[in-house]
Amino acid sequence: MSQIIDISQLLRTGMPVWPGDTEFQPSWVARIEDGGPCNVGRVLMSLHTGTHVDAPLHFQKNGTSIADVDLSLYIGEACVIDALNAGSVEASHLQPLTAGLPPRVLFRTRISPAGQFDPGFSYIATDAASLLVRSGVKLVGIDTPSVDSAHSEAMETHKILGDAGIAILENLNLADAPAGMYELIALPLKFAGMDGSPVRAVLRTMNAEARRGHP
């Protein structure tokens, strides 16, 4: 029987966000305890809070909005690759695996999510991004705030992946997802004209037959 592993970060007050971005702020419109007929909540947040996907519009002036992305990119066979404690994910992490990479690749760089924003987070180097493009992957994910360095202004990795039509999934929680093969489900919300979306990302374990021939 397959197992579902939640790889989403918990959206909560005080969670780390990109410096200068909107902090996660929940509130109530109505409460039963205050005499309302039901509880109705609301949140103020960036679309890049916690586990999220970037639409091409995030890094391309006239890129596709999140409402118009191809949803098939976010569902299907995926692998988790360990790059634990790596300052950056390099092509060398991938070269032994390129012959058997599935369409979706997720990088696990730490054991648990950071409790605060760490500008030294791991990112995907441009040589690794180019190798992923040549390998024909459809989606790349990482368990840090960005596929680019915190200090990058050119967003080169975003552009290398995005120009090749590769979907980008960031801020995963892969603490309970050891390296291996899975099915990924990480659908974005349908925000008209917007540049990204939070997701409830999950992995589903695959049986031995489905794993055959893959790393």
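Couple of notes before you dig in:
- Chymotrypsin sites (Phe, Trp or Tyr not before Pro) within segment 79-173, DSSP loop, no more than 15 other Cβ atoms inside 10 Å: Phe117
- Virtual spin-label span in nm between Val202 and Thr64, 7 Å along Cα→Cβ: 2.5 nm
- 3J(HN,Hα) from dihedral phi, segment 152-159, Karplus parametrisation 6.51/-1.76/1.60, rounded to Hz, x for glycine, proline: 6, 9, 7, 6, 4, 5, 3, 6
- Mean sequence separation of contacting Cα pairs (under 8 Å, at least six apart), scaled by the length of segment 55-145, corresponds to a relative contact order of 32 percent.
- Reachable lysines from Lys159, criterion Cα separation under 20 angstrom, eight or more residues apart if same chain: Lys61, Lys138
- Cα gyration tensor, segment 38-80 - rounded (a/c under 1.5), prolate or oblate: oblate
- Ordering of 158-166, 85-93 by packing is 158-166, 85-93, highest average first (other Cβ atoms within 10 Å, averaged per residue).
- For the chain: relative contact order, % (alpha-carbon pairs under 8 angstrom, 6 or more apart): 31 percent
- Three semi-axes describe the equivalent ellipsoid of segment 9-98; taken as square roots of 5 times the Cα gyration tensor eigenvalues and ordered largest first, they are 35, 18, 15 Å.
- Rounded if a/c under 1.5, otherwise prolate or oblate - segment 119-175, Cα gyration tensor axes: oblate
- For Lys190, the aspartates and glutamates whose Cα comes closer than 13 Å to its Cα, not counting residues fewer than 8 places off in the same chain, are Asp54, Asp68, Asp70.
- Whole-angstrom gap from segment 52-67 to segment 89-156, using each part's C-alpha centre: 18 Å
- Long-range tail of P(r) for the chain (Cα pairs > 23 Å, %): 45 percent
- GNM flexibility winner over the chain from Glu23, Glu33, Glu183 (Cα, springs under 10 Å): Glu33
- Taking trypsin sites (Lys or Arg not before Pro) across segment 42-138, the ones in a DSSP loop with at most 13 further Cβ atoms lying within 10 angstrom of their Cβ are Lys61.
- ³J(HN,Hα) computed for each position of segment 191-198 - Karplus, 6.51 cos²θ - 1.76 cosθ + 1.60, integer Hz, glycine/proline x: 7, 5, x, 9, 9, x, 6, x
- Once both labels are positioned 7 Å from their Cα atoms along Cα-to-Cβ, the gap between Asp176 and Ala164 label points is 3.2 nm.
- Debye-sum result for segment 60-124 in log10 I(q)/I(0), which assumes one identical scatterer on each alpha carbon, at q = 0.14, 0.22, 0.30 Å⁻¹: -0.62, -1.02, -1.20
- Exposure proxy ranking for Ser46, Ser122, Ser2, based on other Cβ atoms within 10 angstrom of each Cβ and starting from the fewest, stands as Ser2, Ser46, Ser122.
- The fewest-to-most ranking of Cys79, Cys38 by surrounding Cβ atoms within 10 Å reads Cys38, Cys79.
Bear in mind these aren't lab numbers, they're just calculated from the coordinates by the rules spelled out. Keep in mind that this is a model prediction, so the values were computed, not measured. Using ideal geometry, Cβ is built from the backbone for each residue, glycine included, and neighbour counts are taken over all protein chains shown.
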